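The values are calculated or read from the model by the stated rules, or taken from the named source; none is laboratory data. As the structure is a computational prediction, the values presented were derived from the model and not from experiment. Here the Cβ is made from the backbone with ideal geometry for all residues, glycine too, and neighbour counts use every protein chain on show.
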Amino acid sequence: MENMYVFYEGKIILESEVHISVRCKGFNYGLGCFEGIRAYWDETEKQLYVFRLREHYERLLQSCKVLYINIPYTVEELCQATIELLKKNNLQTTTYIRPVAFKGSNHVAPTLLDDDNRIVIYCQPMGNFTGKDELRAAFTSWERLGDNMLPPRTKPTAAYLNSALASLEVVSKGYDEALFLTRNGHVCEGPGENVFMVRNGKIITPPPSDNILEGITRDTVMRLARQELGIEVIERSITRTELYAADEVFFSGTAMEVVAVVEVDDRKIGNGHQGPVCRKLKELFFQVATSKIKAYSDFCTPVY
Ligand code: PMP
């Protein structure tokens, strides 16, 4: 990817021209936060649509505020920089966009009280993240971080070590993805995605107070379920065995999109295959992401 363009220090430059010190605090201490955004390529229209671009940068700036990373750009400027970056890379395929805001200082103290705040935005083509349509998940023994530890709401770079430890544990045992519990034993989320269950015709998902990232795909799924499928969606705490007993379980996330979880801790969910609610939501999600449903065309920013 060295010959791709990135946005760095206010300019679009070649990735190979970015020089960040080994002493940089963002690297040494994980003093940063990030976003993951997708742009969907529509082959018939020959158009690339960025999905909920504004909302991602609103979330990034909210994270920056909480973490004392003062990025000198507005949401509008970051949206514009992203569009220009995608054009400059001439991307004509579904793409993942990664803005990272971080402390750039080389000073050895792990303090947030300095004013070397930087942002880099890079992108890369990305199709189906796991290459699978049905996942086998297992609960990890690592606990999800709390709001008073490393606030999950802010998508902090450092929190992904918690995610990586969870993935290491379950993937090395042959599962596709991990599930976290909170300290209170509530179902939380996956390492990089939110979780939903379907029970008795209702969709239930953990609330923000259970230390989840308030996912933008999660929000999209909740709206589509309510508005397009007329299904009641409830945000409330879920226990582990309730998930085992669910009719359907599925994940949502920018990279993961909407994908069925067909097994949890070696228990089949429903009949062990993608269920009808997940299938319908997934279909709707892809239609919305490529601007096929007028009511949601605001979610899609065309690049070309
Ligand atoms: N939880 C975590 C921990 C994540 O990293 C992500 C991916 N950003 C999500 C949930 C899903 O959020 P979104 O739908 O906004 O991508």
Task: Within segment 30-137, strands (runs of 3 or more DSSP E) holding 3 or more residues that are within 15 Å of the ligand (Cβ to nearest atom) and β-branched (Val, Ile, Thr) - done: 95-103
Open item on the list: Anything in segment 288-300 that is under 20 Å from the mean Cα position of the chain (by Cα) and either in a helix (DSSP H, G or I) or surrounded by fewer than 19 Cβ atoms within 10 Å (Cβ to Cβ) (or both)? List them, or say none.
Closed with: VAL288, ALA289, TYR296, ASP298, PHE299
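Given the criterion assigned by TED's automatic domain parsing to the domain that holds PHE34 and crowded, with 16+ Cβ neighbours inside 10 Å, identify the matching residue among ASN90, ASN117.
Residue meeting the stated conditions: ASN117.
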- [ ] Working carefully through the options VAL100, VAL75, find the one that is among the hydrophobic types (A, V, I, L, M, F, W, C), touching a residue at least 12 places away in the same chain (Cβ under 8 Å) and touching an Asp or Glu at 6+ places or on another chain (Cβ under 6 Å).
- [x] VAL75
TODO: Can you give me the number of residues within segment 145-188 that are within 21 Å of CYS64 (Cα to Cα) and either within 16 Å of the ligand (Cβ to nearest atom) or buried (at least 20 other Cβ atoms within 10 Å of the Cβ) (or both)?
DONE: 18
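Rundown of residues vs (1) buried (at least 19 other Cβ atoms within 10 Å of the Cβ); (2) in contact with a helix residue (DSSP H, G or I) (Cβ under 6 Å, 6 or more places away or on another chain); (3) over 19 Å from TYR304 (Cα atoms), yes/no style:
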{"residue": "SER21", "(1), (2), (3)": "no, no, yes"}
{"residue": "LEU31", "(1), (2), (3)": "yes, yes, yes"}
{"residue": "ASP42", "(1), (2), (3)": "no, no, no"}
{"residue": "PRO72", "(1), (2), (3)": "no, no, yes"}
Open item on the list: Of everything in segment 147-162, what is among the basic types (Lys, Arg) and either modelled with pLDDT under 95 or assigned to a helix (DSSP H, G or I) (or both)? Give them in sequence order.
Closed with: ARG153
Open item on the list: Taking the conditions exactly as written (in contact with a Lys or Arg (Cβ under 8 Å, 6 or more places away or on another chain) and under 15 Å from PHE7 (Cα atoms)), does ALA81 satisfy them or not?
Closed with: no
